[in-house]
Amino acid sequence: MNKNNQISIIKEFISSNEETLLINQVNDDISMFYMGILKYYANGHDIKISNDVDIDSSFLEEDLFGTKIILSFNITNAKKISGLLDVHSKKIIFTDYQNYKKLSSKFNSINGYQFENDIIFFIKNELKIHNEELLDYCKNNAALMFSETSKYLINSNHYSRDRSLIEEKNHILDIRKSIFENKRNIFNIKSLYQSIKKEAQYKKFNFLTF
């Protein structure tokens, strides 16, 4: 794997035959940023990322429609991680720094503490955006990187970051964290649906302000 930068590691992992990618999650915001990066490259290869599948369930590389799948887990229990690493299926493991430090030399790994460098590299090299104001915003609001860069790409000539930063950030992150948590709880389908619907409605009305 290419060790020049972490974005290249993610990009190459998605398209390679490598089975495991280990990510030091740091916090929910940074986890959402890396999940966004993973989905960005996975979509380019028609690959689905399935979040927090039951470890004891069958590990299928393709669904009934032939869709390629990468399994994603959020685990801090060392014993469960050890068992998961023995499974021959393509997977992403978000974990804490303690487990990350023990295993990072053995597997493809992403250090979440380097997220600012990854944001800069992705925006400049993948999205071809060179705007210091945007970079500054995204480094301070990692979970909002994709929504902010999308806004820039739609109207780059009149781009300015939202002046009501704190209010918007908290509102969107609250919704997305709710979605993130509900996806981890497969039994709370109704709550997940309501959170996704709420985010869609907020984006719709927020877009009209630009």
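The values are calculated or read from the model by the stated rules, or taken from the named source; none is laboratory data. Fair warning: this is a prediction, and the values are worked out from it, not measured in the lab. FYI the Cβ positions are ideal-geometry reconstructions off the backbone, even for glycines, and counts take in every protein chain you see.
Here are some notes:
- Residue 94 being among the hydrophobic types (A, V, I, L, M, F, W, C), in contact with a helix residue (DSSP H, G or I) (Cβ under 6 Å, 6 or more places away or on another chain) and not in a helix (DSSP H, G or I): yes
- If the condition is being within 18 Å of residue 51 (Cβ to Cβ) and of a type in the set (S, T, N, Q), then the range 65-84 contributes 67, 72, 74, 76, 77.
- Within the range 102-123, the residues that satisfy the criterion of being free of Cβ contacts under 8 Å to residues at least 60 places away in the same chain and farther than 11 Å from residue 7 by Cα are 102, 105, 106, 116.
- Between 106, 151, the distinction of being charged (D, E, K, R) and either touching a Pro at 6+ places or on another chain (Cβ under 9 Å) or in a loop (DSSP other than H, G, I, E, B) (or both) belongs to 106 only.
- Matching entry among 38, 22 (being buried (at least 17 other Cβ atoms within 10 Å of the Cβ) and in contact with a Leu (Cβ under 6 Å, 6 or more places away or on another chain)): 22
- Any chance residue 82 is among the small types (Gly, Ala, Ser) and either touching a Cys at 6+ places or on another chain (Cβ under 9 Å) or within 16 Å of residue 32 (Cβ to Cβ) (or both): no
- Residue in the range 83-97 that is without any contact (Cβ under 8 Å) to a residue 24 or more places away in the chain, surrounded by fewer than 15 Cβ atoms within 10 Å (Cβ to Cβ) and in the same structural domain as residue 38 (by TED's automatic domain parsing) present: yes
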